[in-house]
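Some notes on the structure that comes next.
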Amino acid sequence: MSDKNPEKDTKTVKSEKKMRDIMTAYYIDAKTARQNNKKVAWITSGGPVEPLIAMDIIPVYPENHGAMIGASKMGIDLCEKAEAMGYSSDLCSYARADISCATVNGGPIGGLPAPDMLVCCNNICGTVMKWYEVQARYFQVPLFIYDTPFLHTEYSPEIKRYAKRQMEEYISFLEGVTGRKMGRDRMMEVGRISYAGSQLWQEVLDTAVSKPSPMTAFDAFFHLALIVTLRGTQQSVDYYRGLLAEMQERAKAGIGAIPGEKYRLLWDNLPIWYRMKWLAEKFAEHDACLVADTYTSAWCGSMQYIDVHDFIGSAAEAYTRSYLNLGVEKMARIVLGMIDKYDIDGIVMHSNRSCKPYSFGQFDIQKIVERERGIPSLLIEADMVDERSFSESQVETRIDAFIEMIRENKVAGR
Amino acid sequence: MKHFHEFQQAVNDPLDYARNLKNDSGKEIVGYVCSYVPEEIILAAGAHPVRLFDTRSQIGLADLHLQSYCCSLVRGILEEGLSGRADGLDGMIFPHTCDSIQRLSDIWRMNIPAGFHLDVILPVKLDTDSARDYLTDVLRKFREDLSGSLEREITDAALEKAIATMNVIRQSIRSIYEMRSQNPRLMPGQDLYTLVRASMIMDRDRMAELLLETLAELQTKSDQAPSGKPPKRLVLAGGICNQPDIYPMIEESGGAIVWDDFCTGARYFSQMIPEGADPLSRITGRFLNRIVCPAKHMDLDSRASHLIGLVKEQNAQGVIFLLLKFCDPHAFDYPYIRQSLDKAGIPVMLMEINDPASAGGQMKTRVEAFLEML
Ligand code: SF4
Ligand code: SF4
């Protein structure tokens, strides 16, 4: 797995090896769960994982696995296999890759350990519900759907009641599957750790406000893995504490991720996993640093709604208020906030064929940003895992033109 | 059919029909985009519900807001709004179904100022107590919000009346479907499509009357014995069918569509509103008892078993599955539905639809080959 990660050539060094070791150990743990009498739950990336940890169930994230498949450039093969099974090539490539991978145990780590249960939270998209239905049929295991109603404009009292009630249903579901009671004290503890982890992750991302920025969004895409897969564990807290110290040190010493950083950019949507290195280099050539992104901040963006003294009671709201569960106006507000916070000169939008809820509305956000902040944006048409949707020459030309525009914009003093 | 011309006109230009209705009756016109909108509540508010489907015009303006990988239905509806053709609407209602409709609501709200805008944020699963309670809450809130937007009270008595009207419409269409299933030559499939579509566009009181008359008219015709070689009996399944040309194409190839599993077809009428307590909870009851759309979760296999049941009940020989390009919910269900049909020994053909005007010659050859095999 190690040489297949796309980010190996980026420059945040010290923590990197630690990360690889942790992830390797995590997947070994998950794959040997059965021998150790542990249960495995597959869960969506934005799902409430804390109750699983509190009950000693190993969470496994097909989306993280999808990212690994993309980064190892194994996406086309697995996507084509799904298409041969009858799945349209227009479906989310994480879903396609995961669905076919389950039947052939392919991919960079020889497939995920089979689940004992599935936990699907639709706070990111409707795709996950359909995808998890497919897997529930395939593996014949119980499926829990944590339904987080979409927040077009408000978090209504009805939604609040419904979201909260499901937390208790979720816990009963887990107790039913495991035949054990959840320890409420342990749950409190996991909640505290999870909160601390998210907070540290936010602080890591915040170091990018320094000029030059000590890290790029490509670094964030790499270091994200733990806040996704090991959220709620002490291990992730320790890791991010270390990473934060490293970033703060670099910031203090004025070491930039991009030597001679001239332009500061914001990335929108999922990474293009199979071209990370290429993209990182392309932007670096132009002295452009992608200092922040809307994607990795999704794992700490709604933290303010968590009450550590009542995690179970407040988590429902925090999970329902996730970035992709918000109306486009709210997303645009968040983007504007990030532009101000990180002093952004331009936005790079990945128009991602795989992810309709993330991509539809991008054009409107683009217009709002142009109108309210007068900064240009670049649209890259691609797919996070399926390389067939990526045209290197086209993207390259566009990046060149975009940087030129930013340069002119800056000269003109916007 | 005596009233066919009237149905056809409404279907040809729903927004024009609505504009005229507004001028004549003074009713507010409320647009909506999916069959999970409780029409009864809109009717009870004294307004007129019109379901929007697609557009007949070239997509141009919608391209500035939606990428090319969005289904033609959502792009078409947005085009209607952006072009100003929907300006006569007093309001729009967006139920929460798929990811694309979800963003359509956002983009509409941000760009099309005409009228009020209501989201009906339904639960995504319908199989738990809390989801059912939430659905009840959502419909209650919708009643309040709509009442507020129209500044008019929505009484239980008005709801009762609307339920009765809608039940007449649903029951009549159902009877027409049944008659036609007995005798597929009773009317062309395209006419049936027009009739169902008209029921989502025309004034519902008038529609109920016309449907009863049409039913009586067809009853006298249905006694005549069918002549000629009996056609191959088919059930249509999958996504929304917005292509009237498909019906003649199948019929010319020797097939007859005897039933369907569309939200614009049988799913629209197959569930009556039950008798019982207060009208609102009965409306909720219909949504809960109805066979689900693929954007909603009820269980893992009822959509396939429902379809197999339909094929058996209607004595059909095969299924044609229409898949609208970029429609995620249906594309996710297709493989498992196909597998279940295979297991039940029911032949199925996939018909992928790229855009609303593309049922070309190649498709016809495939349909002919499929029908021959049955
Ligand atoms: S990439 Fe988008 S569509 Fe796919 S699982 Fe993630 S949020 Fe859902
Ligand atoms: S359910 Fe399918 S056809 Fe309907 S709006 Fe959504 S994507 Fe389009």
Residue in the range B:78-86 that is assigned to a helix (DSSP H, G or I), farther than 28 Å from A:Tyr162 by Cβ, of a type in the set (A, V, I, L, M, F, W, C) and touching a residue at least 24 places away in the same chain (Cβ under 8 Å) present: yes
Spans of helices (runs of 4 or more DSSP H) in the range A:5-107 with at least 2 residues more than 16 Å from ligand 2 (Cβ to nearest atom) and within 18 Å of A:His223 (Cβ to Cβ): A:14-31, A:62-71
Qualifying positions in the range B:320-347 - touching a residue at least 40 places away in the same chain (Cβ under 8 Å) and either surrounded by fewer than 22 Cβ atoms within 10 Å (Cβ to Cβ) or within 14 Å of chain A (Cβ to nearest Cβ) (or both): B:Phe321, B:Leu322, B:Leu323, B:Leu324, B:Lys325, B:Phe326, B:Cys327, B:Asp328, B:Pro329, B:His330, B:Tyr334, B:Ile337
Residue satisfying condition, being within 16 Å of ligand 2 (Cβ to nearest atom), over 17 Å from A:Ser45 (Cβ atoms), assigned to a helix (DSSP H, G or I) and at pLDDT 95 or above, within set A:Glu175, A:Glu158, A:Glu169, A:Glu133: A:Glu133
Criterion violated by B:Glu275 - all others in (1) assigned to a loop (DSSP other than H, G, I, E, B); (2) acidic (Asp, Glu); (3) touching a His at 6+ places or on another chain (Cβ under 7 Å) satisfied: (3)
Condition check for B:Leu307: closer than 24 Å to B:Met373 by Cβ, in contact (Cβ under 8 Å) with a residue 12 or more places away in the chain and either more than 7 Å from chain A (Cβ to nearest Cβ) or crowded, with 19+ Cβ neighbours inside 10 Å (or both): yes
Subset of the range B:105-136 that is in a loop (DSSP other than H, G, I, E, B) and either more than 19 Å from A:Thr320 (Cβ to Cβ) or among the aromatic types (Phe, Trp, Tyr) (or both) - its residue that is nearest to the other protein chains (Cβ to nearest Cβ): B:Asp127
Only listed residue being among the charged types (D, E, K, R) and either within 14 Å of chain A (Cβ to nearest Cβ) or surrounded by 20 or more Cβ atoms within 10 Å (Cβ to Cβ) (or both), chosen from B:Asp245, B:Asp301: B:Asp301
Neighbours by Cβ (under 8 Å, 6+ apart or cross-chain): first from the range A:244-257, on the phi > 0 side of the Ramachandran plot and outside any helix (DSSP H, G or I); second at pLDDT below 95 and among the polar types (S, T, N, Q): none
Residues of the range A:282-328 classified as touching a residue at least 60 places away in the same chain (Cβ under 8 Å) and among the acidic types (Asp, Glu), total: 2
Count of the range A:66-98 residues which are within 19 Å of the chain's Cα centre (by Cα) and either of a type outside the set (S, T, N, Q) or within 11 Å of ligand 1 (Cβ to nearest atom) (or both): 16
Sole residue being away from ligand 1 (no atom under 16 Å from the Cβ) and surrounded by 19 or more Cβ atoms within 10 Å (Cβ to Cβ), chosen from A:Ala332, A:Ala298: A:Ala332
Matching residues, the range A:353-369, being more than 8 Å from every other protein chain (Cβ to nearest Cβ), out of contact with any Asp or Glu (no Cβ under 6 Å at 6 or more places or on another chain) and within 16 Å of ligand 2 (Cβ to nearest atom): A:Cys355, A:Tyr358
Selection count where residues are in contact (Cβ under 8 Å) with a residue 60 or more places away in the chain, in a helix (DSSP H, G or I) and over 27 Å from A:Arg333 (Cβ atoms), scope the range A:211-243: 8
Lone qualifier among B:Thr220, B:Thr194 - being in a helix (DSSP H, G or I), exposed (fewer than 13 other Cβ atoms within 10 Å of the Cβ) and β-branched (Val, Ile, Thr): B:Thr220
One residue from B:Gln102, B:Gln67 being free of Cβ contacts under 8 Å to residues at least 40 places away in the same chain, within 7 Å of chain A (Cβ to nearest Cβ) and in a loop (DSSP other than H, G, I, E, B): B:Gln67
Criterion: more than 10 Å from every other protein chain (Cβ to nearest Cβ), away from ligand 1 (no atom under 14 Å from the Cβ), surrounded by fewer than 21 Cβ atoms within 10 Å (Cβ to Cβ) and not hydroxyl-bearing (Ser, Thr, Tyr) - qualifying residue of A:Pro59, A:Pro113, A:Pro51: A:Pro113
Some residue of the range B:83-92 being of a type in the set (A, V, I, L, M, F, W, C), more than 14 Å from ligand 2 (Cβ to nearest atom), touching a Ser or Thr at 6+ places or on another chain (Cβ under 9 Å) and more than 29 Å from B:Asp13 (Cβ to Cβ): no
Count of the range A:335-357 residues which are within 16 Å of ligand 1 (Cβ to nearest atom) and touching a strand residue (DSSP E or B) at 6+ places or on another chain (Cβ under 6 Å): 3
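The values are calculated or read from the model by the stated rules, or taken from the named source; none is laboratory data. Note that the structure is predicted; figures quoted are calculated from it, not measured. Positions of Cβ are generated from backbone atoms using ideal geometry, with glycine treated the same way; all protein chains shown enter the neighbour counts.
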